[in-house]
1. Once neighbouring chains are kept in place and the probe is 1.4 Å, which whole percent of the accessible area of the chain is contributed by carbon and sulfur?
2. Rolling a 1.4 Å sphere over the protein heavy atoms, what is the accessible area per residue of the range 1-68, to the nearest Å²?
3. Provide the percentage of antiparallel DSSP beta bridges, counting only those with both residues in the chain; round to the nearest 5.
4. Sequence-distant or interchain residues sharing an amide H contact under 5 Å with residue 29, placed H: which?
5. May I ask you to evaluate 6.51 cos²θ - 1.76 cosθ + 1.60, the Karplus curve with θ = phi - 60°, for each residue of the range 43-58 and list the ³J(HN,Hα) values in order in whole Hz, giving x for glycine and proline?
6. Considering the zone a paramagnetic label at residue 54 would reach in this model (a point 7 Å from Cα along the Cα-to-Cβ line), which residues of the range 1-43 have amide N under 11 Å from it?
7. Hey, can you grab everything whose amide H is under 5 Å from the amide H of residue 58? Only 5+ residues off in sequence or another chain; H modelled, so Pro and N-termini drop out.
Amino acid sequence: MTSPDALVRVATARGVTTLTLDSPHNRNALSTPLMTQLLAGLADAVADDAVRVIVLDHAGPVFCSGADLKETAAAYASGTV
């Protein structure tokens with residue numbers, strides 16, 4: 001079950017797991033929390049022998065705008081990149 005504040009929604013039915021990027025306010029940009037949730041969803045799907053297909057989907061008008069540049073700029077500013 002996916003939590004209501006998740007950035008990646010996960011649904012599995014009849015051998016198909018759908019991972020939906022659900023951060024339309026920033027055009028599904030790849031932030032650390034979104035990537036962490038996406039990788040966890042992928043790992044869970046791969047580990048489930050009943051899953052035969054993984055579908056990547058999106059909420060909002062854009063699938064994914066790329067890296068979260070605000071997060072990247074903040075990391076450069078703090079010296080953590």
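1. Working: 3310 of 5440 Å².
Within the chain, the accessible surface is 61 percent carbon and sulfur.
2. On the way: 4290 Å² over 68 residues.
That works out to 63 Å² per residue.
3. Values: 6 of 13 bridges.
That works out to approximately 45 percent antiparallel.
4. Amide H neighbours of residue 29, under 5 Å, 5+ apart: 65.
5. Going residue by residue, I get 4, 5, 5, 5, 6, 8, 4, 7, 7, 10, 9, 10, 10, 9, 10, 8 Hz, with x marking Gly and Pro.
6. It comes to 17-19, 38-43, nothing else.
7. 21
The values are calculated or read from the model by the stated rules, or taken from the named source; none is laboratory data. Keep in mind that what you see is a predicted model, and the values were worked out from it rather than measured. FYI the Cβ positions are ideal-geometry reconstructions off the backbone, even for glycines, and counts take in every protein chain you see. Note: accessible area is taken over every heavy atom of the protein model, side chains too, but ligands, DNA and RNA are not part of it. Shrake-Rupley method; radii C 1.70, N 1.55, O 1.52, S 1.80 Å.
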